[in-house]
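Below: the structure, in structure tokens.
The values are calculated or read from the model by the stated rules, or taken from the named source; none is laboratory data. Everything numeric in this text was worked out from a predicted model, so none of it was measured. Note: ideal-geometry Cβ built from the backbone for every residue, glycine included; neighbour counts use all protein chains shown.
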Amino acid sequence: MRLMKFSSFARCLRELESTASRKEMVGILAELLKRSSEEEVGKICYLCLGRLAPVYRSVEFNVAEKTMLKVLSFSFGVREDEVRSRYKKLGDLGSVAELLRGEYRGAGRGGDLEVAEVYNELLRIARDSGAGSQERKVHSLAALLRKLSPLGVRYCARIPLGQLRLGFSDVTLIEALAVMVGGGKEEVKFIRQKFNIRPDVGEIVRVIKLHGLEGLKEVGVEIGTPILPALAERMPTMEKIVEKLGEFAVEPKMDGIRLQIHLNKAVNGQPLVDSLESQRELFNEQGSKKESPGALVCIFSRRLDDVTDMFPDVVAAVQKLPVDSAIMDGEAIAYNPDTEEFLPFQETMKRKRKYNVAQKAAELPLKVFLFDLLFLNGKSLLETAFGERRRLLEKLVLDGNLLMAARHTKVNSARKLKKLFDLYISEGLEGVMCKRLDSPYQAGARNFNWVKYKRSAEGVGLPDTVDGLVMGYYAGRGQRAKFGVGAFLAGVFNPQKDRFETIAKVGTGLTDDQWREFSRRVGPLEVKAKPAEYCVAKELECDAWLRPGLVVEIDADEVTCSPVHTAARGLNIVRTGAENGAGLSLRFPRLVRFRDKLPEEATTVEEIMEMYRMQQT
DNA sequence: CGTGTCTGCCCC
DNA sequence: ATTCTGC
DNA sequence: GCAGAATGGGCAGACACG
């Protein structure tokens, strides 16, 4: 079979991009996969998904928007402001690149590259690092783009940005795999199950090409290969949760970092480290080999990043567990051993680091609340009912200090649920997780086996919504480009200083109609420069400024200290954990509605300060 | 050696 | 993370 | 109801530059 040309690949992507029906996309993708040979099909899968490797290999480009602007400018001899202004208008660097390539009259075309050649070059560029690497990346990417057709450039330029905007992702690609081998619903289900425990489409398609679906049967849960985490859905009321779930258990929802912990002790049986090490060598990674005596521990984040080296205290505690092998799911959160209080999310985040790990571990001790057991002593528990998995988890003999089992209470009424919810809220926690006791561990799925119910759902997250002044807005990307806006900057009023201070950028909560309405309402308010009474950090500079005129109602989960937002900055009131000069901002801001209010009737900095204080208790 | 800018399928 | 939209 | 694509605040890391 001949190797596929990148131009031909690009034409296929173009077809996919202009197709809305998922069924049709599956057909096109199945054809594409069928046409590609086994050596290149894995690479084609990764490229389709805007990547070079499966997520848990984390090949980082360190090239995104800003650098790609430089690449396009350099590649096609166009001034950077020109590229930037076209980007603002089109909202997509691929389209800009395609246009520039079409207009480019310099020498270029170096023949028609194969997909694999483009892939290899992108991988080489991604791996370049160290002094001077940014410049080399710009030059190499520019040279690569000049060798491609305009359509090829369109997609190649989007790959380092990590999004091809084709309207499909992993799941659709899996369906295409099933169709490729002439399968139906059953086969989709089968392949998806395998993908959930080996989240590497490239690998799965290679196995299928070589050995068919039969070959996939060999793929099982493996210590050292992350399982896609199960995710929770939300529901609006507790009554609906009880109605939907029947008999379930309630656990507290902690505001920390999700961890999937793998443990393998070479006690009896074969340790499964061989394949792990060989895969690492394949990707030429250095230094991540775990030299722990007698026990291999791997920790993965929610997005399957290997974060083992960031949590040596967790590794040490897990190594002591009296089991041969296990995979556990849990939440890590920093706490203060003196007050026994859990710390805010921002503090826990400081534990996610590469340097000064031991020092921060001492400053910010963790609790890890384990809430699920996916694998135990060589056997997968994914199909085991949650009630039974929980029973096995409780038998694990945790140290009770760093490793704890999450509190877990069986519930069958809204009354009991409410009681637990109130209890956990009073402890300063985020809310509750409700889990069906009879459900398997649904790796990779967000469904109603797990339902989260947060403080904010009660309208208790923020004491009140915020009425913010719209100070300016930002050009939209992708599908927001057509509205001319993708987000806006909101501020609150400081009557003492007679000025507006920023509290959040808002980019969600508006329907398409509301985005259009936004454009209409904002048109007459546009001014050339930032009004003098706006206090805005440099990094929040808007694409268009507005004079005071439009006020909107904003909801959020929380008021937090902010290093960039200026709201209530300098109000000399003690803020726990805040640096001097910190302002306040909103966590997870979203628009509720447009309001007919005067700018001076916007929420004031004192009111925001009061909301912040109320939260602390 | 600091400081500033950009990046991350980052974490949430 | 939240939210909206097309299928 | 699912899959996908818009978007948020805030943190540490990687480089570039002076």
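The set of residues in segment A:41-58 being in a helix (DSSP H, G or I) and either at pLDDT 95 or above or buried (at least 21 other Cβ atoms within 10 Å of the Cβ) (or both) consists of A:V41, A:G42, A:K43, A:I44, A:C45, A:Y46, A:L47, A:C48. Among residues of segment A:340-356 that are of a type in the set (D, E) and part of a strand (DSSP E or B), those with a Cβ under 9 angstrom from a residue that is away from DNA strand B (no atom under 11 Å from the Cβ) and modelled with pLDDT of 95 or more, sequence gap 6+ or separate chain, pair up as A:E341/A:Y335.
Please verify whether segment A:55-62 includes one or more residues that are in contact with a Pro (Cβ under 7 Å, 6 or more places away or on another chain), within 12 Å of DNA strand D (Cβ to nearest atom) and within 16 Å of A:L145 (Cβ to Cβ). Yes, because at least one residue in segment A:55-62 is in contact with a Pro (Cβ under 7 Å, 6 or more places away or on another chain), within 12 Å of DNA strand D (Cβ to nearest atom) and within 16 Å of A:L145 (Cβ to Cβ). Return the residues of segment A:181-196 that are crowded, with 21+ Cβ neighbours inside 10 Å and touching a residue at least 60 places away in the same chain (Cβ under 8 Å); say none if nothing qualifies. Within segment A:181-196, just A:F195 meets the criteria. Of the strands (runs of 3 or more DSSP E) lying entirely inside segment A:401-493, those carrying at least 2 residues that are surrounded by fewer than 21 Cβ atoms within 10 Å (Cβ to Cβ) and within 14 Å of DNA strand C (Cβ to nearest atom) are A:446-454. Restricting segment A:509-543 to residues that are surrounded by fewer than 11 Cβ atoms within 10 Å (Cβ to Cβ) and within 16 Å of DNA strand C (Cβ to nearest atom), the residue that is farthest from the chain's Cα centre (by Cα) is A:R520.
The rows are residues; the columns are (1) modelled with pLDDT of 95 or more; (2) within 16 Å of DNA strand B (Cβ to nearest atom).
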position	(1), (2)
A:T409	yes, no
A:M433	yes, yes
A:A445	no, yes
A:A457	no, yes
A:V460	no, no
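Consider segment A:496-508 and keep the residues that are surrounded by fewer than 16 Cβ atoms within 10 Å (Cβ to Cβ) and not charged (D, E, K, R). The one that is nearest to DNA strand D (Cβ to nearest atom) is A:T508. Which members of segment A:74-100 meet the condition of being polar (S, T, N, Q) and either crowded, with 23+ Cβ neighbours inside 10 Å or not in a helix (DSSP H, G or I) (or both)? Correct list: A:S75 only. Where residues in segment A:162-180 are charged (D, E, K, R) and under 12 Å from A:G50 (Cα atoms), which of them is surrounded by the fewest Cβ atoms within 10 Å (Cβ to Cβ)? Taking the candidates together, the pick is A:R165. The residue of segment A:313-336 that is surrounded by the most Cβ atoms within 10 Å (Cβ to Cβ), among those that are within 17 Å of A:E347 (Cα to Cα) and free of Cβ contacts under 8 Å to residues at least 40 places away in the same chain, is A:Y335.
Just one of (1) closer than 21 Å to A:R127 by Cα; (2) not in a helix (DSSP H, G or I) fails for A:T19. It is (1). With respect to the conditions (1) without any contact (Cβ under 8 Å) to a residue 12 or more places away in the chain; (2) in the same structural domain as A:V592 (by TED's automatic domain parsing); (3) not hydroxyl-bearing (S, T, Y), A:G476 lacks only one, and its number is (1). Considering only residues in segment A:139-148 that are touching a residue at least 40 places away in the same chain (Cβ under 8 Å) and buried (at least 21 other Cβ atoms within 10 Å of the Cβ), the one that is farthest from DNA strand B (Cβ to nearest atom) turns out to be A:L148. Screening A:R165 on (1) part of a helix (DSSP H, G or I); (2) on the phi > 0 side of the Ramachandran plot; (3) charged (D, E, K, R) shows it passes everything except condition (1).
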